[in-house]
Amino acid sequence: GGGDVTRAIYEAGYGSPSRVYEHGAARIGMTPARYARGGAGESIHWTTLPCRLGLALVAATERGICAVLLGEDEATLAAQLRAEFPAAALSRCDAGRDAFLAPRIEAVAAALAGKDAPRVPVELVGTAFQHRVWQALMGIPPGERRSYAEVAAQIDAPRAVRAVASACANNRVAVLVPCHRVVRGDGSLAGYRWGLPLKQRLLADEVAEG
């Protein structure tokens, strides 16, 4: 059920809750139990912005960015966000004028454009194991790739290759949590939440820019 977040933190291998915040810019904020209730009690601001990949929907709680969804149509992306957080209070904002989202949007826009971006807080909502995978992904440099097996070994779970692949598939923060940098052991591309063509383009662009 995920109600005891502190216990989950220790089971994930962290020595104390504070160490979760020391690694990268990711934060544990919304508990798995609250997420299971559809984000009830959460206030989420969101907007869309055009990017080289089509259209990006960026959503954030007061603690950090909780979703970066990629697609071509705002209505479809908004429906996906509502499906993720059906009980949350969702507020669409003007990307350039909303004081809450403005600095976050600037950083996400830079990341989506393949540029160096200021680090912004990212709120990862998932199980303790998924957090370990997502944190590992955030440590993969642009232009580099890791296999699912390598990620599993890095988080001291070498037999959990399929679980690592599942965590990548459940990542809802595109590019900032770079699941596109994870490939099969033979180097071929596996599934990507937003489609293999986008994954291929992201990787090719990173190599070209590197």
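Read-outs: derived from the displayed coordinates by stated rules, not from any lab. The structure presented is a predicted model; accordingly, all values stated were derived computationally and were not measured. Every residue, glycine as well, gets a Cβ built from its backbone with ideal geometry; the counts of neighbours run over all protein chains shown.
Tabulated results
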item	result
Förster radius 35 Å - calculated FRET efficiency between E106 and D186 (Cβ-Cβ, nearest 0.05)	0.35
Positive minus negative residues near V151 (Lys, Arg vs Asp, Glu; Cβ under 10 Å)	+2
Residues of the stretch 112-156 with amide N under 20 Å of the 7 Å Cα→Cβ point at L196	145-149
Pairwise FRET efficiency - Q80 versus D205, Cβ, R0 = 41 Å, nearest 0.05	0.95
